[in-house]
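Student: Please see the structure below; I have some questions.
The values are calculated or read from the model by the stated rules, or taken from the named source; none is laboratory data. Bear in mind that the values here come from a model prediction, so they are computed numbers and not experimental data. Every residue, glycine among them, receives a Cβ derived from its backbone with ideal geometry; neighbour counts consider all protein chains shown.
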Amino acid sequence: MKKINYIIGLLTLLSVFGCTKEWEAPGVEPNHQVIYTSEYQFGNRVQVGGSMTFTDASKGIVSRTWTLPEGSHIEGSSETSSTNDLIHIQFNEAGLKEVNLSQSFGGAAYDGNTQRESQLDTAILINVVDSLSLQVKAHFYFPDGTTGEELDLTKTNEVQAGRMVKYTLTAIGEPARIVYNFGGGDPSSVTYIESEIEDGTAAETIVQYKQLGTFSTTVLGDRPRPAGIDTLNFINTINVIPSSDPLLLTDVYVKDGFIALDYSREIEPASVDPSTFSVHLTNEGKGLDINPAVLTATVDPTAGNIVLIALDGENIYDDDVVTVTYQGGILQSTDFVAADEFIDELLVHRPNKNILEDSDYHYSMETSTGLDWPNGGWGAPFDHYDFTISDTESYHGSKSGKLVLPPGKGSAFSNNKTFPLEAGKSYEFGVWIKVESGASTIDDAAGEVPSILVYTAPDTDWGAGRFNITTETPEGEWIYARMDYYTAKTSTDFTFTYRPFNSANTQDLVLYMDYVTVREVNLRP
C-alpha cells in the first residue's frame, strides 16, 4: 500500500537542492519533490468562494494527477482533477479539505533530504473558512452571576443606572480580532485578540451602564488573511434611566493625575465636598508615610459618574500605596441616592500595555515547547530543572508553564526570545501564577521563604526584587506576582532568566506560570 505524505498547516517548501551527491552523471536530472501553494505562508487558509494556486515544481516527473475534494473545482471549469503542473482551485464549501497529488517520477525521488520511492502520494490540507459573520445577544446581568431576560437589540431597551448587561458573541469565519464600543458603558470599549477569541474569553462581555442617556453599541470583527470583516451597529439600543438601587463605589484609580472615585452612576456635582475626603499615601521603598491634604474634589466633566480628587502639592506614582476615605456628607447621585461612607479604600493602579505583546517573546506560552525554555545550567541549589509546557491550566490562552521544585531546590531557566526596553524608562516585571500545592508547609518565619524572581540580560541587576510565596498565598487560584521594578540603562533587546527557589519548605512546590508582563511605570523619584 502506498504511503501518503500529509502536509498540514504551514506548507514547507521542499528544496530543489535538498539533497547532495558526490557525483551525478552529466545530463541526468535528479528526482525531487517540490510542491507549494499560494497560501503556504498563511496556514493554507482560504475563504469560501476564494481560490488558491497549487504548483508542482518537482523535478523528474513522468506523470501527475491532482484530485480535488468535494465542494471545489478547477477555477473557470467544473473539473475536479487535473494533470497540469499549476492549477487554480476554487473552494465553495467550508471545512478542512484535502487536495491530493499523485506523482510518478523517473526514479526514486527525494522528499527534502530523504530518498523515497518513485511513486509519491501527497495530501495537502486546506482550511476553508466561512465568510466572517458575527451574532450578538444581550441579557440583563446581576451581581450574583445570574442572567435575566434578553434585550431586543433591534429596539431601545431601558436599563436602570448602575445595572449591568452581558453581551454574548457568536463568531463564524475565524476572526482574528473583535472590537466592541459601548456608548455610555463601562468599559466603553473592549478589544479581543485571536487567542482570546479561540479560548472563549471573547464569548461574554459584561458592561455596566453608569450614565443617564440613550446610547448605541457597535461590534466589529475582522481578519487580515483571508481578508474579512463584519460590523454590527445597534443604534440607540440602550436607554439608561434613573434608579433607586444603592449608589456603589466600583473602582478607585488614577486618571489624568487625579484620584478617580468611580461610582455606579452619575454624581450630583453640588453634593461633592472636598472636606469629606481624606487620603493616606505610603511608599516603602522611599520611606514615605503621609496624609496629603485634599485640594479639590469635583465631578469629572467627561464622565459624570466619576469624582476627581486633587492633592495639595503631591503627585501619585505607580509604586505608591494609596487609600481613600469618605467620612460621610451629602454626596449623592443625580437620581438622589446617597453615597455610603467608606474607609481606606485601596487605589488600584491601572496597568499600561504589556510591551511583550508586540515582541516575539513567549509571554503567553501559546507557541512554546519545552525547547523554548532552556535550562540555565546554574550550580546548586539552582540546578534543578523541571519546567514543562502544559495545556491543563492556563491564565491566558490555552497553555502555561508548569514548575516543580523539591524542598531546598531552585531553578534557573530562560526563554530564547527577546524584547526591547528603552534607556531611562522604568518597567514593572510580573507574571501570573497558580500554586497547585506546597504553600501550606512553608515556614513563614524563615529568613528566606520560597520566591520567584527574574534577572535581565544585559545589564543584570543582581539585587532584583522578588515575589515571595508564603502560607498566605492561595492555592488553586491565579494571582499576579510582581517580581521587580527595573530602570533600563540602555536601549536594546533584553531577555529574562527566571530564578525560582523553594526554600523553607518541607514539600514540593508545584505552580503554573503564564502571561509574563513588562509594563512601563512612573516610579517615585
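Student: So which residues in the range 334-353 are in a loop (DSSP other than H, G, I, E, B) and out of contact with any Lys or Arg (no Cβ under 6 Å at 6 or more places or on another chain)?
Tutor: THR334, ASP335, PHE336, VAL337, ASP340, GLU341, LEU347, VAL348, HIS349, ARG350, LYS353
Student: Restricting attention to the range 131-165, and to residues there that are assigned to a strand (DSSP E or B), touching a residue at least 12 places away in the same chain (Cβ under 8 Å) and more than 28 Å from the chain's Cα centre (by Cα), which single residue is farthest from GLU93 (Cα to Cα)?
Tutor: Ranking the qualifying residues of the range 131-165, first place goes to GLN160.
Student: Residue by residue through the range 474-524, note down the ones that are outside any strand (DSSP E or B) and either among the β-branched types (Val, Ile, Thr) or at pLDDT below 95 (or both).
Tutor: THR490, THR506
Student: At pLDDT 95 or above, surrounded by fewer than 17 Cβ atoms within 10 Å (Cβ to Cβ) and farther than 12 Å from VAL516 by Cβ: does that describe SER451?
Tutor: It is false that SER451 is at pLDDT 95 or above, surrounded by fewer than 17 Cβ atoms within 10 Å (Cβ to Cβ) and farther than 12 Å from VAL516 by Cβ.
Student: Only residues in the range 87-98 that are on the phi > 0 side of the Ramachandran plot count as the first member; pair them with residues that are surrounded by 16 or more Cβ atoms within 10 Å (Cβ to Cβ), Cβ under 7 angstrom, at least 6 apart or cross-chain, and list the lot.
Tutor: What qualifies is GLY95/VAL128.
Student: Moving on. One residue is enough: does the range 177-192 have a residue meeting the conditions surrounded by fewer than 18 Cβ atoms within 10 Å (Cβ to Cβ), out of contact with any strand residue (DSSP E or B) (no Cβ under 8 Å at 6 or more places or on another chain), outside any helix (DSSP H, G or I) and of a type in the set (S, T, N, Q)?
Tutor: no
Student: Looking for something out of contact with any strand residue (DSSP E or B) (no Cβ under 6 Å at 6 or more places or on another chain), modelled with pLDDT of 90 or more and either β-branched (Val, Ile, Thr) or not in a loop (DSSP other than H, G, I, E, B) (or both) - is there at least one such residue anywhere in the range 16-34?
Tutor: So far as the range 16-34 goes, yes, one or more of its residues are out of contact with any strand residue (DSSP E or B) (no Cβ under 6 Å at 6 or more places or on another chain), modelled with pLDDT of 90 or more and either β-branched (Val, Ile, Thr) or not in a loop (DSSP other than H, G, I, E, B) (or both).
Student: Can you pull out every residue in the range 362-389 that is hydroxyl-bearing (Ser, Thr, Tyr) and assigned to a loop (DSSP other than H, G, I, E, B)?
Tutor: Within the range 362-389, TYR363, SER364, THR367, SER368, THR369, TYR385 qualify.
Student: Any idea which residue in the range 87-130 is surrounded by the most Cβ atoms within 10 Å (Cβ to Cβ), counting only those that are among the acidic types (Asp, Glu) and not in a loop (DSSP other than H, G, I, E, B)?
Tutor: ASP111
Student: Wholly within the range 390-473, which strands (runs of 3 or more DSSP E) include no fewer than the required count, namely at least 1 residues that are over 24 Å from the mean Cα position of the chain (by Cα) and among the β-branched types (Val, Ile, Thr)?
Tutor: Result: 400-405.
Student: If you check GLY377, GLY401, GLY410, which single one turns out to be exposed (fewer than 15 other Cβ atoms within 10 Å of the Cβ) and either of a type in the set (Gly, Ala, Ser) or over 30 Å from VAL322 (Cα atoms) (or both)?
Tutor: GLY377
Student: Further question on the same structure: When you look at VAL219, is it surrounded by 15 or more Cβ atoms within 10 Å (Cβ to Cβ) and closer than 30 Å to ILE343 by Cα, yes or no?
Tutor: no
Student: Surrounded by 14 or more Cβ atoms within 10 Å (Cβ to Cβ) and acidic (Asp, Glu), is that true of ASP289?
Tutor: The answer is no for ASP289.
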